[in-house]
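One structure is given below, encoded as structure tokens.
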Amino acid sequence: MDFELGPEERELAERVRAFAAEALAPRYQADHRAGRLGDGLHAALAGAGLMGLRIPRDHGGLEVGAVATGAALEAMARANFNACYLVLNAALISDILVANGDERQRPAWLEPLAGGEVVPALCLTEPAHGSDAASIELEGRRDGDGWRLVGEKASVALGVYAHRAVVFARTGGPGARGVTAFWVPLDDAFVERRPYDDVGNRAVGRAALTFDGLRAGPEDVIGGEGLGFVQVMRGFDYSRALIGLMCLAAASASVDEALEHARTRQAFGQPIGRFQAVSFPLVEYATQLRAARLLCFQALWLKDRGQPHTIEANMAKWWAPRLSVDAAHQALLTFGHHGWSEELPLAQRMRDVMGLEIGDGTAQITKLVVARALLGREAAP
């Protein structure tokens with residue numbers, strides 16, 4: 001097996017790493033303190049091609065594979081975890097639009113996304129329906145040849161900033177086949193945004209959105225009426241591996257900082273790394289972070305080859321965020337009282353990573369997906 005990135009993937013990762021160190025790292029703590037993503041960030045990401053990673057070249061994108069997308073997000077996450085949400089959303093949503101749009105829709109949808117004209121969001125979760133997404137209640141009420149969207153979506157990442165969103169609405173009967181997906185502009189005359197006061201990811205602008213008759217026309221339908229789950233939800237698996245890499249990269253940055261601290265911090269006349277109680281936990285987490293990283297890249301490698309990757313992506317989603325929180329916590333403890341300060345990014349990284357133990361599938365849901373794949377539905381929960 002080849003465990004190295006290819007030349008194109010390495011070149012992209014190096015380019016993003018240099019860009020992130022210069023343009024993204026200085027914003028990370030400042031944006032957290034301000035409680036919002038800094039001005040010009042979205043334009044800078046688009047200028048670097050990062051909003052169009054998965055978009056075809058003839059629609060203004062870079063058209064790179066899933067592995068390369070993972071390498072880019074990994075490089076970004078070490079510098080600025082929260083900036084990754086813009087690129088993650090764009091990667092997932094552009095895959096959905098490429099796979100389900102027609103020849104008329106794709107250029108109109110994808111070119112503004114790649115060019116940085118659109119901050120995208122995904123509106124799936126509702127106040128009473130998170131994991132049970134097929135039971136959503138937001139209505140798509142018939143209005144001439146289109147619909148009016150009425151109801152509430154919860155926990156929308158980038159909901160404060162988004163210009164357009166993939167909105168899942170019930171246009172038919174109960175169950176998955178009554179759900180239609182729309183790619184609609186978020187006209188604030190019909191959308192109320194209420195930001196959350198979050199423990200972490202404060203710059204991401206997570207919000208609840210209330211829809212009060214937002215118009216959705218037939219040209220806004222993704223994949224066909226009633227096919228929101230049957231077709232559109234197929235694109236979700238690989239994003240869980242991308243999320244895993246984001247979390248692992250942020251935790252690895254903290255562990256690397258803790259290792260350097262253990263190398264230079266003196267206690268009892270020697271570096272604290274000489275004490276096994278300090279060095280061994282860091283070794284254990286460095287080992288596990290590396291193993292989880294390989295699992296994430298395996299899922300993306302399978303995605304690029306058109307092979308099934310549901311098991312690997314969902315394994316990565318429950319394991320990587322949990323492991324990353326624990327590793328980031330240990331790194332913070334290594335710094336002692338210095339770590340328990342907002343002057344360093346350690347506590348912020350730990351809280352930010354923790355948010356993705358919930359977002360895009362909890363550990364319970366992703367384990368359920370794996371259990372059904374390994375055991376079969378008749379023998380699984």
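Residues in the stretch 68-90: is at least one in contact (Cβ under 8 Å) with a residue 40 or more places away in the chain, open to solvent by less than 10 Å² (accessible area, probe 1.4 Å), in a helix (DSSP H, G or I) and touching an Asp or Glu at 6+ places or on another chain (Cβ under 7 Å)?
Yes: the stretch 68-90 contains one or more residues that are in contact (Cβ under 8 Å) with a residue 40 or more places away in the chain, open to solvent by less than 10 Å² (accessible area, probe 1.4 Å), in a helix (DSSP H, G or I) and touching an Asp or Glu at 6+ places or on another chain (Cβ under 7 Å).
Being under 18 Å from residue 163 (Cβ atoms) and open to solvent by 50 Å² or more (accessible area, probe 1.4 Å) is the requirement here; does residue 36 meet it?
The answer is yes for residue 36.
Which residues, taken from the stretch 196-211, are surrounded by fewer than 24 Cβ atoms within 10 Å (Cβ to Cβ) and not in a strand (DSSP E or B)?
196, 197, 198, 199, 200, 201, 202, 206
Just one of 58, 2 is part of a loop (DSSP other than H, G, I, E, B), of a type outside the set (Lys, Arg) and either under 20 Å from residue 85 (Cβ atoms) or open to solvent by 20 Å² or more (accessible area, probe 1.4 Å) (or both); which is it? Steps first, answer last, please.
Working: 58 fails: part of a loop (DSSP other than H, G, I, E, B).
After applying the criteria, what remains is 2.
When you scan the stretch 97-108, do you find a residue that is polar (S, T, N, Q), under 23 Å from residue 160 (Cα atoms) and open to solvent by less than 30 Å² (accessible area, probe 1.4 Å), even just one?
Looking through the stretch 97-108, none of the residues is polar (S, T, N, Q), under 23 Å from residue 160 (Cα atoms) and open to solvent by less than 30 Å² (accessible area, probe 1.4 Å).
Residues 300, 356, 294, 346: which one is surrounded by fewer than 22 Cβ atoms within 10 Å (Cβ to Cβ), of a type in the set (A, V, I, L, M, F, W, C) and modelled with pLDDT of 95 or more?
Details: 300 fails: surrounded by fewer than 22 Cβ atoms within 10 Å (Cβ to Cβ); 356 fails: surrounded by fewer than 22 Cβ atoms within 10 Å (Cβ to Cβ); 346 fails: surrounded by fewer than 22 Cβ atoms within 10 Å (Cβ to Cβ).
Checking each option against the conditions leaves just 294.
Quick grid of which residues meet (1) in contact with a Gly (Cβ under 6 Å, 6 or more places away or on another chain); (2) closer than 19 Å to residue 188 by Cα; (3) outside any strand (DSSP E or B):
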| site | (1), (2), (3) |
| --- | --- |
| 102 | no, no, yes |
| 107 | no, no, yes |
| 116 | no, no, yes |
| 122 | no, yes, no |
| 131 | no, no, yes |
| 148 | yes, yes, no |
| 155 | no, yes, no |
| 160 | yes, yes, yes |
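Please verify whether the stretch 158-176 includes one or more residues that are under 20 Å from residue 359 (Cβ atoms) and aromatic (Phe, Trp, Tyr).
Narrowing the stretch 158-176 to residues under 20 Å from residue 359 (Cβ atoms): 158-162, 164-168.
Within this subset, residues satisfying the condition of being aromatic (Phe, Trp, Tyr) are 161, 168.
Yes; the residues of the stretch 158-176 include at least one that is under 20 Å from residue 359 (Cβ atoms) and aromatic (Phe, Trp, Tyr).
Please go through the stretch 24-44 and give me each residue that is over 20 Å from the mean Cα position of the chain (by Cα) and in a helix (DSSP H, G or I), ordered by number.
26, 30, 33, 34
With respect to the numbered conditions (1) over 26 Å from residue 102 (Cα atoms); (2) touching a helix residue (DSSP H, G or I) at 6+ places or on another chain (Cβ under 7 Å); (3) buried (at least 24 other Cβ atoms within 10 Å of the Cβ); (4) not small (Gly, Ala, Ser), which one is the sole condition not fulfilled by residue 183?
Evaluating residue 183 over (1) over 26 Å from residue 102 (Cα atoms); (2) touching a helix residue (DSSP H, G or I) at 6+ places or on another chain (Cβ under 7 Å); (3) buried (at least 24 other Cβ atoms within 10 Å of the Cβ); (4) not small (Gly, Ala, Ser) leaves (1) as the failure.
Restricting to the stretch 5-33, name every residue that is within 27 Å of residue 161 (Cα to Cα), of a type in the set (Asp, Glu) and surrounded by 13 or more Cβ atoms within 10 Å (Cβ to Cβ).
If the condition is that a residue be within 27 Å of residue 161 (Cα to Cα), of a type in the set (Asp, Glu) and surrounded by 13 or more Cβ atoms within 10 Å (Cβ to Cβ), then 31 is the only one that fits.
State all residues of the stretch 117-132 that are of a type in the set (Gly, Ala, Ser) and open to solvent by less than 10 Å² (accessible area, probe 1.4 Å); if no residue qualifies, say none.
Selection gives 121 alone.
Does the stretch 348-381 hold any residues that are aliphatic (A, V, I, L, M), assigned to a helix (DSSP H, G or I) and within 21 Å of residue 157 (Cα to Cα), and which are they?
Once the filter is applied, which keeps residues that are aliphatic (A, V, I, L, M), assigned to a helix (DSSP H, G or I) and within 21 Å of residue 157 (Cα to Cα), the stretch 348-381 yields 350, 353, 354, 356, 363, 365.
What are the pairs, 6+ residues apart or on separate chains, where a residue within the stretch 216-242 that is closer than 11 Å to residue 181 by Cβ and open to solvent by 20 Å² or more (accessible area, probe 1.4 Å) has its Cβ under 7 Å from a residue that is modelled with pLDDT under 95 and charged (D, E, K, R)?
If the second residue must be modelled with pLDDT under 95 and charged (D, E, K, R), the pairs left are 230/177.
Exactly one of these conditions fails for residue 329: (1) of a type outside the set (A, V, I, L, M); (2) touching a residue at least 40 places away in the same chain (Cβ under 8 Å); (3) closer than 23 Å to residue 73 by Cβ. Give me its number.
The one condition residue 329 does not meet is (2).
Please identify the pairs in which a residue from the stretch 21-44 that is among the hydroxyl-bearing types (Ser, Thr, Tyr) has its Cβ atom under 8 Å from the Cβ atom of a residue that is open to solvent by less than 30 Å² (accessible area, probe 1.4 Å) and at pLDDT 95 or above, counting only partners at least 6 apart or on another chain.
28/79; 28/80; 28/81; 28/82; 28/83; 28/345; 28/348
When you check residue 263 against the structure, is it at negative phi, open to solvent by 60 Å² or more (accessible area, probe 1.4 Å), within 22 Å of the chain's Cα centre (by Cα) and of a type in the set (Lys, Arg), yes or no?
no
Looking only at residues in the stretch 305-315 that are touching a residue at least 60 places away in the same chain (Cβ under 8 Å) and within 24 Å of residue 78 (Cα to Cα), which one is most open to solvent (accessible area, probe 1.4 Å)?
Top of the filtered list is 312.
Out of all the residues in the stretch 135-177, which are among the aliphatic types (A, V, I, L, M) and open to solvent by 30 Å² or more (accessible area, probe 1.4 Å)?
Scanning the stretch 135-177 gives 150, 160, 176.
Out of the stretch 266-297, which residues are hydroxyl-bearing (Ser, Thr, Tyr) and either over 30 Å from residue 70 (Cα atoms) or within 31 Å of the chain's Cα centre (by Cα) (or both)?
285, 287, listed by residue number.
The values are calculated or read from the model by the stated rules, or taken from the named source; none is laboratory data. Quick caveat, the model's predicted, so the values are computed rather than measured. Here the Cβ is made from the backbone with ideal geometry for all residues, glycine too, and neighbour counts use every protein chain on show. What goes into the accessible areas is simple: the full protein's heavy atoms, side chains included, and nothing from ligands, DNA or RNA. Shrake-Rupley method; radii C 1.70, N 1.55, O 1.52, S 1.80 Å.
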